[in-house]
Amino acid sequence: MASLVSPIRPVDLGRGCHAWIPSAGGWGMSNAGLVTGRGESLLVDTLFDLHLTGAMLAGLAPLTDTAPISTVVNTHGNGDHWFGNQLVAHAEIIAARGSLTDMRQAGPAQVRALLAEDSDAGRFARRIFARFDYRDVQPVLPNRVFEGETVLDIGGTEVRLIDAGAAHSAGDTIVHVPSARTVYTGDIVFVGATPLVWHGPFAGGLAACDLLLGLDVDTVVPGHGPVTTKAAVRTVRDYLSYVHEEATARFTAGMPAADAARDIRLGPFAGLEESERLAVNVYTVYRELDPGLPPLDGPELFGRMACLAHP
């Protein structure tokens, strides 16, 4: 079964930078990017299944025919940013060490197992991921891991990779192209959708936003949503600060995490899509405040979101 969504053409951002933005939003509909230099290109992320990734590569072909993809950067370990790696396995694939840890723990086999579950989590996952086809996805992990910061030369174009540490996930990479005043953020930034902090600490997400705000850039390519500016980074930071404050107040009052997620009113953020992610964000705050709380695996996290989305 092929994916049910076809992406649009690449967005030319100028000075060799491009964004690949899907024609529809929602869970798993992620962005990618391309940085072209003389005779080679760097691809920022692959997509959630082989159909979407193949369509993207075909759409990028007018750019990559003369500047083939030599390098791929996976910004983090969520499948919608690396499950298409097998279609670019010829390239050097780079990720932060924390991202590699996530990839090993939540690969295509784990996603297929979640989708097969006869549970609230499984039913919720089948609903939000119905448009994707994971049957032929094989895990192709990065063949180069970095920590801190590294600088690449892509056909004469400088590309900075910055390991922001644990922010949205266990390891998040910022791809900065100084000459183009452009940054690819991965899922540190969502536009129009609810930010998500899978692991924490929340301080990591806030620090990653501050890092982005400190860069000398005009163009921000988020992990999901349209190309934007630093204003969107500030919105993500404001959401994280708001949720941390609201969840902390309920933790202090002795309210269980699941009840707190139902009780919090999102106020200025009520219009964000995928609001059920609040259940994960609240639990992440609670684990910060009480390190004795156990970490939840994927099915448990999706189960909490399912209960918030469909009480």
Practice prompt. With a Förster radius of 22 Å, plug the Cβ-Cβ distance of A89 and Y134 into 1/(1 + (r/R0)^6) and report the FRET value to the nearest 0.05.
Written response: 0.80
Worksheet item: Taking Rh as the Kirkwood radius computed over C-alpha pairs, what is the Stokes-Einstein D of region 20-147 at 37 °C in a medium of viscosity 0.692 mPa s, expressed in µm² per second?
Response: 219 µm²/s
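When the expected Rg is taken as 2.2 N^0.38 Å, what fraction or multiple of it is the alpha-carbon Rg of region 81-200? Don't jump to the answer; show the numbers that get you there.
Working: Rg = 16.1 Å, N = 120, 2.2 N^0.38 = 13.6 Å.
Computed over Cα atoms of region 81-200, the ratio equals 1.19.
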Worksheet item: If you average the sequence gap of Cα pairs under 8 Å that are 6 or more apart and divide by the length of the chain, what percent do you get for the contact order?
Response: 16 percent
Fill in: Highest average packing first - 88-99, 52-63, 254-265, Cβ atoms within 10 Å
88-99, 52-63, 254-265
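Taking a 1.4 Å probe, which of T252, T194, T36, T235 shows the most accessible area, and what order do the others take after it? Before the final figure, lay out each step's value.
Details: T252 110, T194 0, T36 30, T235 65 Å².
Sorted by accessible area, descending: T252, T235, T36, T194.
From largest accessible area down, sort V145, V217; use a 1.4 Å probe on the protein chains.
V145, V217
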Worksheet item: In nanometres, what is the gap between the two model label sites at R97 and R160, each 7 Å from Cα along Cα-to-Cβ?
Response: 2.2 nm
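Relative contact order of region 36-80: what whole-number percent is it, with Cα pairs under 8 angstrom and at least 6 residues apart?
Numbers: 47 pairs, mean separation 27.4, N = 45.
Over region 36-80, the number comes to 61 percent.
How many Å² of accessible area per residue for the chain, probe 1.4 Å?
Numbers: 12160 Å² over 311 residues.
With the other protein chains kept in place, the chain gives 39 Å² per residue.
Taking the Cα centre of the chain as the origin, how large is its charge dipole in debye, to the nearest 20, when only Lys and Arg (+1) and Asp and Glu (-1) carry charge on their Cβ atoms? Kindly include the intermediate steps, with their values, before the conclusion.
Working: 23 positive and 35 negative charges, 76 e Å.
Dipole about the Cα centre, nearest 20: 360 debye.
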Worksheet entry | Most positive-pole-ward Cα, L213, L301, G267, against dipole of region 212-311 from beta carbon charges | G267
Discussion item. Give me the percent relative contact order of region 50-119, please, defined on Cα pairs under 8 angstrom at least 6 residues apart.
Written reply: 32 percent
Worksheet item: R126 accessible area, nearest 10 Å², 1.4 Å probe?
Response: 90 Å²
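On a full-extension model of 0.36 nm per residue, what is the gain between A207 and E273, subtracting their alpha-carbon distance, rounded to one decimal in nm? Each step should come with its number before you reach the end.
Values: separation 66, 0.36 × 66 = 23.76 nm, distance 2.35 nm.
Working it through step by step, the gained length comes to 21.4 nm.
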Discussion item. Once neighbouring chains are kept in place and the probe is 1.4 Å, which whole percent of the accessible area of region 20-124 is contributed by carbon and sulfur?
Written reply: 53 percent
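Pairwise over distinct Cα atoms, reciprocal of the mean inverse distance: report the Kirkwood radius of the chain in Å, one decimal place.
On the way: mean 1/r = 0.0514 Å⁻¹.
Taking every pair of different Cα atoms in the chain, averaging 1/r and inverting gives 19.5 Å.
In what order, largest first, do S41, S275 sit by accessible area if the probe radius is 1.4 Å?
On the way: S41 0, S275 50 Å².
These residues rank, largest area first, as S275, S41.
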Worksheet item: Based on the Cβ-Cβ distance of R126 and S23, what FRET efficiency does E = 1/(1 + (r/R0)^6) give at R0 = 25 Å, to the nearest 0.05?
Response: 0.65
Worksheet entry | Label zone at A116 (point 7 Å along Cα-to-Cβ), backbone N below 13 Å, region 126-152 | 135
Item to complete: For L141 paired with T252, estimate the spin-label separation in nm (one decimal), with each label point 7 Å from Cα along the Cα-to-Cβ line.
Response: 4.3 nm
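Just for the chain, what percent of DSSP beta bridges are antiparallel, to the closest 5? Intermediate results must be reported in sequence, preceding the final value.
On the way: 25 of 41 bridges.
The antiparallel proportion sits near 60 percent.
The values are calculated or read from the model by the stated rules, or taken from the named source; none is laboratory data. The shown structure was predicted, so the numbers you read here are calculated from the model rather than taken from an experiment. Every residue, glycine among them, receives a Cβ derived from its backbone with ideal geometry; neighbour counts consider all protein chains shown. Accessible surface areas use protein heavy atoms only, side chains included; no ligands, DNA or RNA. Shrake-Rupley method; radii C 1.70, N 1.55, O 1.52, S 1.80 Å.
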